[in-house]
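The values are calculated or read from the model by the stated rules, or taken from the named source; none is laboratory data. If you're wondering where the values come from, they're calculated on a predicted model, not measured in any experiment. Heads up, the Cβs are rebuilt from the backbone with ideal geometry, glycines too, and the neighbour counts pull from every protein chain shown. When the accessible area is computed, the model is the full protein with side chains, heavy atoms only, and any ligands, DNA or RNA have been set aside. Shrake-Rupley method; radii C 1.70, N 1.55, O 1.52, S 1.80 Å.
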Amino acid sequence: MVAASFTYFPAFPVFISKNGVAWTQIGNVISSAEQIDMRGHGASKRLLSPNIRYEASRGEKGRFWCTGFQYDGLGCFLTYSDNIALGWQKPVHIEGSVGFDPSLFFDDDGTAWYCGVREATVNKFYDNQSEIFIQKIDLDKAKVEGQPKVILSSQSKFTGWMDSARIFKFEDYYYLIYSEGGFTLNYGVCVARSKSLDGEWEVRPSNPLLSHRSMGPFAKIQNVGHADMYCDKDGRWWLCVSACRPYGEKSKRSINMDRESFIVPVKWEGGWPYAAYESGHIDNAYSLSGLVVKRADDDADAVIFPVIDDFNESRFGFFWIVNRVWNDNLINLNGHSGILRLYGGRPLQEEENVAMLLRRQTAFCYEACCHICCHFAIDGDCAGIVCYQNERFNLRLQLKLMGKVVALQIIKTVDGQDEVMLEDIVDGGCHELDMVLRIVAEKQVLKFEYGHDERNMNLFKDNVDSTFLSPDKCNGCSGIMVGMFAVAGGDFNQKQFYADYDWFKYENITREFIS
């Protein structure tokens, strides 16, 4: 399974599972700066809609292909790997491709097909009407061939754009899984079928296949769409979808974790698939036979990440990411043994030369904590811990050199502008200072603490509202990331200021499924 990463790098994380229950990240499709250019264009130059497919007939062990889309960059692209544990080839633009959300389909006769979505070109009767089309593709040349054939057009402006079209074959039919309604409460997964790829496609009369749109803003899980289907080794079918879990007070419900992946069972009847067939919506857990079951909250993590990273390894864990560009000159493990060193970089509002290392928020409530030693050089040097949405919206607890004193500050960045929420002098005349910084999140309410010992922390400020970081409120593209940063007060190229992190801890303190 691959997942969208938007502006974060490494990009398109890859997960594997032997049972569909427990998943392990084994790498990233985009893992080096030479593979793709992530710089510039703000949040618009993002990577999305990855689709992974396996071509069994290629080589001795088959080949994995991954397609994706980059706004203001490569457009529709593809890459491949003959061993996904060892990495992927440099992505290339698919010559002749148009539209977005590309995917591949391998037919029984060995032909490869490209499937995409674009603005309608035939039978168009309203603005921004969309259509799904197929076209043969030469994978070795990364080039589509022949004329595209439209197989389905959106029929109502109320359902919005179609997206994430994926084709597969089951028994006597070809099936098309697609979504409509855009990333809104109206989102839903639909299905169509045809006896032949170039024949007439029949839409399932009881569409959508899965959606929470009927529950509107009262749904505990929202924006359900962008799906794919698979059959496991025991012949059971499953639907994997993207959706969001809003949380917080009713008047401040937000989606700080943004899009997450959910898997629901599928049953076939009358030549059509039916998803989440017991309840009609996404439940907390299912048995492998597809029945809804109860599951302990403590057993709710499908992907297990390390709670503490003490930076004793020679390379970074796959879960660590940066925004856009990984700068080895500013972020490295080459200092003292067991130390992450961040040399002061540009302000966090910038897109390049930023010294920041992040990992994803994965539960409603969590604790993020780090031990930092700042080696200040000039006025304005600062480092600390951050809740990061994007370049223009974040919230951070930092130590900053201000003349002859060091201040502890809470900085709220809204629309690119910093606001000092609270400031206090914690040291005078010292250019080397170590401290433990901690953020405790109780859903949308944050608490900031500091101290010289994790077991004896001081409260700096509590009841800090973080709903402004929700992507639906700040035009963000992904969920909240938490991590470490360092900003130089002067020329970052001089590498005068640096912050050493002995460890970083991220731990979920609740595993509620819905709020």
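Give the distance, in whole Å, between the Cα centre of the stretch 220-291 and the Cα centre of the stretch 167-191.
13
If you place +1 on the Cβ of every Lys and Arg, -1 on the Cβ of every Asp and Glu, and leave all else neutral, what size is the dipole of the stretch 19-116 about its Cα centre, to the nearest 20 Debye?
Details: 8 positive and 11 negative charges, 77 e Å.
Roughly 360 debye, rounded to the nearest 20.
How big is the gap, in Å, between the Cα center of the stretch 1-77 and the Cα center of the stretch 331-392?
25
So with the 1.4 Å probe, I'd like the accessible area per residue for the chain, rounded to whole Å². Don't skip to the end; give the middle numbers.
On the way: 22330 Å² over 515 residues.
Per residue, the chain has 43 Å² of solvent-accessible surface.
Nearest 20 debye, what's the magnitude of the dipole of the stretch 65-211 about its Cα centre given +1 on Lys and Arg Cβ and -1 on Asp and Glu Cβ?
Numbers: 13 positive and 20 negative charges, 51 e Å.
For the stretch 65-211, the charge dipole is close to 240 debye.
Extending each Cα 7 Å along its Cβ direction at GLU249 and LYS61, get the distance between those two points in nm, one decimal.
5.5
Quick check on the stretch 450-515: take the gyration tensor over C-alpha atoms, sort the square-rooted eigenvalues as a ≥ b ≥ c, and tell me if it's rounded (a/c under 1.5), prolate or oblate.
Since a/c reaches 1.5 but b/c is at least a/b, the shape of the stretch 450-515 is classed as oblate.
Hey, got the dipole for the stretch 428-515? About the Cα centre, +1 on K and R Cβ, -1 on D and E Cβ, debye to the nearest 20? Spell out each step's value before the answer.
Details: 9 positive and 14 negative charges, 52 e Å.
Approximately 260 debye in magnitude.
Which listed residue (ASN458, ILE439, ILE425) has the Cα farthest towards the positive end of the charge dipole for the stretch 391-515, taking +1 on Lys and Arg C-beta and -1 on Asp and Glu C-beta about the Cα centre?
ILE439
Would the stretch 1-119 count as rounded, prolate or oblate if I go by the C-alpha gyration tensor, calling it rounded below 1.5 in a/c and otherwise prolate when a/b exceeds b/c, oblate otherwise?
Values: a/c = 1.73, a/b = 1.18, b/c = 1.47.
Since a/c reaches 1.5 but b/c is at least a/b, the shape of the stretch 1-119 is classed as oblate.
Set Lys and Arg Cβ to +1 and Asp and Glu Cβ to -1, take the dipole of the chain about its Cα centre, and tell me which of PHE125, LEU408, TYR174 lies farthest positive.
The residue sitting farthest along the positive end of the dipole is PHE125.
Could you compute the FRET efficiency for ILE16 and GLU95, with r as their C-beta to C-beta distance and R0 at 45 Å, rounded to 0.05?
Working: r = 31 Å, r/R0 = 0.69.
With a Förster radius of 45 Å, E is 0.90.
Straight-line reach only, C-alpha to C-alpha below 20 angstrom: list the lysines that LYS141 could link to, leaving out same-chain residues fewer than 8 apart.
Partners within reach: LYS90.
Beyond a 29 Å Cα-Cα separation, which of these cross-linked pairs lie in this structure: LYS404/LYS505; LYS18/LYS267; LYS294/LYS443; LYS412/LYS443? The partial results should precede the final answer.
Values: LYS404/LYS505 31 Å; LYS18/LYS267 21 Å; LYS294/LYS443 23 Å; LYS412/LYS443 18 Å.
Beyond 29 Å: LYS404/LYS505.
What part of the accessible area of the chain, given as a whole %, is carbon or sulfur when the probe is 1.4 angstrom? Intermediate results must be reported in sequence, preceding the final value.
Numbers: 10610 of 22330 Å².
With neighbouring chains kept in place, the figure for the chain is 48 percent.
For the stretch 396-460, what Kirkwood radius comes out of the mean inverse Cα-Cα distance, in Å? Don't skip to the end; give the middle numbers.
Numbers: mean 1/r = 0.0780 Å⁻¹.
Result for the stretch 396-460 stands at 12.8 Å.
Using a basic spin-label model with each label point 7 Å from the Cα along Cα→Cβ, how many nm lie between LYS233 and TYR126?
In this crude spin-label approximation the distance works out to 4.7 nm.
Which parts of the stretch 400-430 would a label at ASN458 reach, counting a residue when its backbone N lies under 16 Å from a point 7 Å out along Cα-to-Cβ?
Output list for this probe position: 400, 405-410, 422-430.
So between VAL307 and GLU119, what do we pick up on full extension, going 0.36 nm a residue minus the alpha carbon distance?
Residue separation times 0.36 nm, minus the Cα-Cα distance, leaves 63.2 nm.
Suppose a student asked you for the relative contact order of the chain, using Cα pairs under 8 Å spaced at least 6 residues apart; what percent would you report?
Over the chain, the number comes to 11 percent.
Does the stretch 328-436 come out rounded, prolate or oblate by the C-alpha gyration tensor, with a ≥ b ≥ c the root eigenvalues, rounded set by a/c under 1.5 and, if not, prolate when a/b is larger than b/c and oblate if not?
It comes out rounded by the Cα gyration axes.
Grab the Cα-Cα distance for THR24 and PHE218, subtract it from 0.36 nm times how many residues apart they are, and report the gain in nm with one decimal.
On the way: separation 194, 0.36 × 194 = 69.84 nm, distance 3.26 nm.
Full-extension gain reported as 66.6 nm.
Rank LEU395, ILE514, LEU342 by how far each Cα sits towards the positive end of the charge dipole of the chain (+1 on Lys, Arg Cβ; -1 on Asp, Glu Cβ) and give me just the farthest.
ILE514
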